[in-house]
Amino acid sequence: MSTSGFHARPYLGWLVAGAVLIASFLGYRHLTGPAASESKRITVLDPRGQPSGVFGRRGAPDSHMMALYDPDTHPTVSRDELVPLRMAPRLDSLDNKTIYLVDTGFAGGKEFLEEMQAWFKRNMPYVKTVLRIKSGTPYSDSPELWAEIKKNADGVVFGVGG
Amino acid sequence: MEGEYGVPTAPIVTSRFADYVIRDGQSHGMNLRWSFPPYPVAWVPRETLRQYIEGDDPVTGVKLMSEVIDALSKPLTQAETNPQIPVRPKRPRLLEPDTEENLHRMFLTNGWTDGLPIVLPTEERVAEMLSGTDHDPQDVVGRMSVTTHEEMKEYTVEKVAVNAVMAGARPEHLPVILAIASTQHPAMPSSTGSYGSMAVVNGPVAQTIGMNSGVGAMGPFNYANSVIGRAWTLMSINFGDARAGETFMASIGNGLSFTNQCCAENEAKSPWEPFHVRKGFKASESTVSIFRGWNVVTLGLGTSQGLLQRIRTLDSMGTYTFVMDPLAVKTLNAEGFSDPDKLSKWLAEKSGSPFARPEGINFIVVGGETNPIVHTTDYVHYKTASVDKWIPAGGIKADAKLRMPAARECEDGLCFSGIASTAASRE
């Protein structure tokens, strides 16, 4: 029935075909709409924080290790107070020198430095090594040990961080 | 040692941390002479350590002991004699305009997200977010770093709003997010042990913004809980400068870090005073409390002996936070522990741990009373911060319709008859 009707009115076929074309075009526009907007440039804000000029620093000798993880107790130093580290003069050689091996407190450090001490005995017996375990936490100051090193040592090996 | 005491030094760090310590040292103006053995050095046989010492530094390819000897005796170079402290440039407020697709790619590939899709912080969206507070957008909220020594990043109210938009939050969530930011605590400090964090909201704001404190409170079933917790993670990445393997060294990482166990305390169901009241705030004040640790042990049932047993078995530095279903608290209440401070004291005394202190043992009441469940954690309570100071004078304008389905309360099976119709309405 409809087929015969279509044949009976061929212009209707052209009308339908035209409507399909227009609809397709509109559909295409609809589909391409988001793509067109995707190519539009937009402005967004930077999510990153600004450099503050404030750094963390080592804790006081008796400070709790977790103090460094609490902003209320975390010791800090500002860029203005921070002085570039002046390196100490180096030794001419290690011959007959005293070298402190300081375990900073991380797991395995003491055993590692004991093996290093044994290496010196085997390979450089003329170097005197002294093994010390740093008091406090790996992040805290140890002024007594530093004073002892200043008095007795020619050089220091610190380890083992990680 | 080098500068103050004038003693030459040879620092040793495992090669896994080479990049970390070199960059950290240089940012402080220190050109230290590092040596890097292979790793790990902890819990390995002596023979392995001997091989490390007699072998090469895997970073430089030079014999480790030659490096150590050179570190102490080789003459200083020009750069070592005149170290500089680099000044990092200020970042722009606005990024270069680009297409949405390119900006999404840039945020993702630059590591400014948590890997999940974000909402781009356009000027319009950030301006709308800022309607959630009266504070000046350029007010400095704090500074943060996931490391212990690197330069901290400073952030303003506007920067917090930017990260809140990215997390998918709405202006009604901003006061809580600002309160978290004001603590300056990153959710993920760089610990090889992989921290987990928790943010617990108390006071009227929890209800105003529709937070969940009942069934599944720490799960993905509540809009406010999810986006507030996620914003904390994004702030930790973008303000704390968390970059995996560079500044962030958590060996395994922690799945809790995506939304940080963010929830409200179930004050209505708890027989105890709310947590923030026990920390000196009024019940009418709104706060957020920050907790952090490494261990979360689930599926304990709440009796005082049960808590004691878990304290004795959990490897902790003396701090414990119990996250307890109200039913567990009611059990403890019936045992005579109507005052949680009394329970903290009892547990510290009975624990046998030299580190346990009453003030280090805390309790949070969360859950929907499906069982007297207790989560035992080694979390430290770090801070309780005011939310009220960030709420606009006109109050929070919450969109009460923009909510996920609320957790159904089915006490005594009274809502059983409504199950079918409710289930159908959600399909």
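The values are calculated or read from the model by the stated rules, or taken from the named source; none is laboratory data. Note that the structure is predicted; figures quoted are calculated from it, not measured. Using ideal geometry, Cβ is built from the backbone for each residue, glycine included, and neighbour counts are taken over all protein chains shown.
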Per-region count, region A:115-162, residues modelled with pLDDT of 95 or more, of a type in the set (Ser, Thr, Tyr) and touching a helix residue (DSSP H, G or I) at 6+ places or on another chain (Cβ under 7 Å):
1
Please verify whether region A:145-161 includes one or more residues that are free of Cβ contacts under 8 Å to residues at least 12 places away in the same chain and closer than 21 Å to B:Thr147 by Cβ.
no
List pairs: first in region B:231-257 and in the same structural domain as B:Glu154 (by TED's automatic domain parsing), second β-branched (Val, Ile, Thr) and in a loop (DSSP other than H, G, I, E, B), Cβ under 6 Å, 6+ apart or cross-chain?
B:Gly240/B:Val146; B:Asp241/B:Thr247; B:Ala242/B:Val146; B:Thr247/B:Val146; B:Thr247/B:Thr147; B:Phe248/B:Val146; B:Met249/B:Thr192; B:Ser251/B:Thr192
Which of the residues that make up region B:299-322 are within 19 Å of the chain's Cα centre (by Cα) and closer than 17 Å to B:Gln261 by Cβ?
B:Thr319, B:Tyr320, B:Thr321, B:Phe322
Give me the pairs: first residue in region B:389-402 and touching a residue at least 12 places away in the same chain (Cβ under 8 Å) and part of a loop (DSSP other than H, G, I, E, B), second residue exposed (fewer than 11 other Cβ atoms within 10 Å of the Cβ) and of a type in the set (A, V, I, L, M), beta-carbon distance under 8 Å, and six or more apart or on different chains, which are they?
none
Got at least one residue in region B:346-354 being surrounded by 15 or more Cβ atoms within 10 Å (Cβ to Cβ) and under 18 Å from B:Trp272 (Cα atoms)?
yes
Extreme residue, farthest from B:Phe248 (Cα to Cα), among residues of region B:188-197 that are in a loop (DSSP other than H, G, I, E, B) and touching a Lys or Arg at 6+ places or on another chain (Cβ under 8 Å):
B:Tyr195
The listed residue being assigned by TED's automatic domain parsing to the domain that holds B:Leu76 and either within 23 Å of B:His149 (Cβ to Cβ) or touching a helix residue (DSSP H, G or I) at 6+ places or on another chain (Cβ under 9 Å) (or both), out of B:Pro8, B:Pro40:
B:Pro40
Which residue is nearest to the other protein chains (Cβ to nearest Cβ), if the candidates are limited to region B:129-153 and must be among the charged types (D, E, K, R) and more than 25 Å from B:Phe258 (Cβ to Cβ)?
B:Glu151
Considering only region B:97-113, how many residues are facing chain A (nearest Cβ under 7 Å) and either touching a residue at least 12 places away in the same chain (Cβ under 8 Å) or not acidic (Asp, Glu) (or both)?
5
Complete set of residues in region B:59-80 that are more than 40 Å from the chain's Cα centre (by Cα), more than 7 Å from chain A (Cβ to nearest Cβ) and modelled with pLDDT under 95:
B:Thr77, B:Gln78
Those residues of region A:110-134 which are within 27 Å of the chain's Cα centre (by Cα), in contact (Cβ under 8 Å) with a residue 24 or more places away in the chain and surrounded by fewer than 20 Cβ atoms within 10 Å (Cβ to Cβ) amount to A:Lys134
In region B:188-211, the residues that are of a type outside the set (A, V, I, L, M) and over 19 Å from the mean Cα position of the chain (by Cα)
B:Gly203, B:Pro204, B:Gln207, B:Thr208, B:Gly210
Given the options B:Leu94, B:Leu116, name the one that is closer than 29 Å to B:Arg230 by Cβ, surrounded by fewer than 16 Cβ atoms within 10 Å (Cβ to Cβ) and at the interface with chain A (Cβ under 10 Å from one of its Cβ atoms).
B:Leu94
Matching residues in region B:325-359 - criterion: being under 17 Å from B:Lys279 (Cβ atoms) and not in a helix (DSSP H, G or I):
B:Asp339, B:Arg357
Name the residue that is nearest to the other protein chains (Cβ to nearest Cβ), counting only residues in region A:58-69 that are surrounded by fewer than 17 Cβ atoms within 10 Å (Cβ to Cβ) and assigned to a loop (DSSP other than H, G, I, E, B).
A:His64
